[in-house]
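Here is the structure we will look at, set down as structure tokens.
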Amino acid sequence: MHEKPLRFTMPADVTQLRLLTLTGGLLCSEQASQHLLELGIDTQTYASVDALIQACGQHGPAVCALDAIAAGGSTVTLAGRLAGKPDLAVVVLGTPGNTGDQIRSLLLGADAWLSVDTPFTVIAATIYAIFRRLTTSTECADPAPSAPWRMAEDGWRLQAPNGHGVALTRRERDIVSVLGRQSGRTVTRAALVEHLSASGAPVSPEAVNMLVSRVRAKARRTGMTLPLASLPGRGYRLDALMIDTASGERSAQGPCIAHREG
């Protein structure tokens, strides 16, 4: 942690990179903070978890670095609390070899997990890379088509602008419907978890991630890319989707067709 970092140039769009940490953390020492500042990373330290959480979403996008020392060993729980906060990405600095905590942190929504003995330059570069992703969409959609994507057949079919379509399962239909009704706006993962859990069995954040991946993969079968963007630390945004009025809000349970369960 005392290795002096190599200098790398911060692009113009991340000159205001904010790093949130807890008092006593590995990155809040005077030496570490100075090195990070030289890279364009402004470290902001908070005395308590509540104060840190309250600061999330204020003053634009930020990356939160959690380590077991400052978090009292509860990095997994805290990562889960912070996951899905608007404009926030989470990096966990964990105990070397603790694969269990690493997996749980990532499944609960952490954007990266690094061992506390990771070279300082690698930690800084990871924070930099995640912040860059935080401020842009990770999914590059096709140029705006002349016609929008549509949910047809009572919402059970996702149809591309080229006329090709794919059938959706019940859960896929639910998540596309929620995102479609907020077309052009960001929907947090926490909101998706709440909605999907209310309409059936409880859904975890990782299940939401899996559903989004499945919908994207299915959509690609049409020969086009669904404009469904992942916004790290914020949620998901689906652009240019039309929900047929015939589909409306009718029958949230859908027809009893076995292959559509899932």
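We did not get these values from a lab; they are worked out from the coordinates using the rules stated. In this text, all values refer to a predicted model and were calculated from it rather than measured experimentally. A quick note on method: Cβ atoms are made from the backbone with ideal geometry, for glycine too, and the neighbour counts reach across all protein chains shown.
Spin-label model, Ala55/Ser74: points 7 Å from Cα along the beta carbon direction are separated by 1.8 nm. Applying 1/(1 + (r/R0)^6) with R0 = 35 Å to the Cβ-Cβ distance of Thr23 and Thr186 gives a FRET efficiency near 0.65. Each label was represented as a point 7 Å from its Cα along the Cα-to-Cβ direction; for Gln34 and Met210 these points are 4.9 nm apart. With the simple spin-label model, which puts each label point 7 Å out from Cα in the Cβ direction, the Thr95 to Thr121 separation comes to 3.0 nm.
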